[in-house]
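What follows is calculated from the coordinates using simple rules that are stated; it is not laboratory data. It should be emphasised that the depicted structure is a prediction, and the values quoted were computed from it without experimental measurement. Virtual Cβ from ideal backbone geometry, glycine too; neighbours counted across all protein chains shown.
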C-alpha cells in the first residue's frame, strides 16, 4: 500500500516539475535516513565484510531505483507499478540460477509467479486507439529485474553476518550513490519548488516506510519469492489510488478511460489470487 501511494505521489510531483533525478536523489536520501537506527539495534559490531557486501547490494538497488524513476517519468503509475509485479518471477529465476534457495520452490510458488506474468500481460494491454510507452514498459521490467536480483541475494548475505548491519549499509550506500547524480539534476537542486516538492517529499516518506517493511520481511525471514508475491499487491493499490484520488490531485492518468482502469484492476486482482495461493 505504501509503495503504491508513493508511486502515485511521485508521479504527480514529476508532472509538476519536481525533476526526475532531483526526486530520486531526495527520495533515496530520505529512505536511507530511515535505516540510521539499524546499527544501534544490532547486537554485533560492524565488520568490513558487511560494508563491502552492503555497498555491492546497494548499487544493485540504486540501479533499480534509477530505472524506476525513469519508468514513472515515461509511463503511468497505474501501469508501471503493476509491471513491477513481475519481480517475483525474477526472484525465483535468480534463486535457481544462483543456487541460493535453501528450500525447494514449491508448485504453488511457481504457479503464483506464473500468474504474476499473466497479470502483467493483461495490465499492458492498451485500450483502442491508445498507445502505451514501450520505453516505460522496458524500464519497468528492468526495475523488476534489478530488484529481483537484489531480493534473491539479500537473504543469503544477511544471514552470513548480522542482518541489521547489512541492511543498514545496503540502504545507506544507496543514499551516497544518489548524491553523485546531483550535478545532473534538473535546474537548481536546492531551491524549493512549491508546486512539485510537497508531492515529492510525501512520496519520499512513504517510500522510506515501505523500504523498512520490505527489508525486514526479506532480510530477517528468508522468504524472498513469497514476500515478493505479496509485494506485487502494490500494483492493485496503485490502480485503486489512481481511480480514487487521481482526479482529485490533478494526476493526468486520473482521466484515463474507465475500461483501462478496470482492465488494470483485473490484472492486479490476478496477482492477489497468487498471494492467496502462497498464503494457503
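How big is D, in µm² s⁻¹, for the range 193-269 by Stokes-Einstein at 4 °C and 1.567 mPa s if Rh is the Kirkwood radius over C-alpha pairs?
On the way: Rh = 14.4 Å.
Value of D from the Cα-based Kirkwood radius: 90 µm²/s.
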- Note on the structure: Proxy exposure order for 247, 264 (fewest C-beta within 10 Å first) is 247, 264
- Item | Ratio Rg/Rh, restricted to the range 2-279 and using Cα atoms, in which Rh is the Kirkwood radius | 0.97
- Message: Over all directions, how big on average is the projection of the convex hull of the alpha-carbon atoms in the range 126-280, in square nanometres?
- Response: 11.6 nm²
- Message: Running a GNM on the chain with Cα contacts under 10 Å, which residue among 151, 197, 188 ends up with the highest mean-square fluctuation?
- Response: 188
- Within a Gaussian network of the chain (alpha carbon springs, distance under 10 Å), most fluctuating of 257, 198, 163: 257
- Going by how many other beta carbons lie within 10 Å of each one, how would you line up 170, 266, 60, fewest first? 266, 60, 170
- Say we join alpha carbon atoms closer than 10 Å with springs in a Gaussian network model of the chain; which of 112, 180, 217 then has the biggest fluctuation? 180
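Using the Kirkwood formula on the Cα atoms of the range 19-82, what hydrodynamic radius do you get, in angstrom to one decimal? Let's see the in-between values first.
Working: mean 1/r = 0.0724 Å⁻¹.
With all distinct Cα pairs of the range 19-82 included, I get 13.8 Å.
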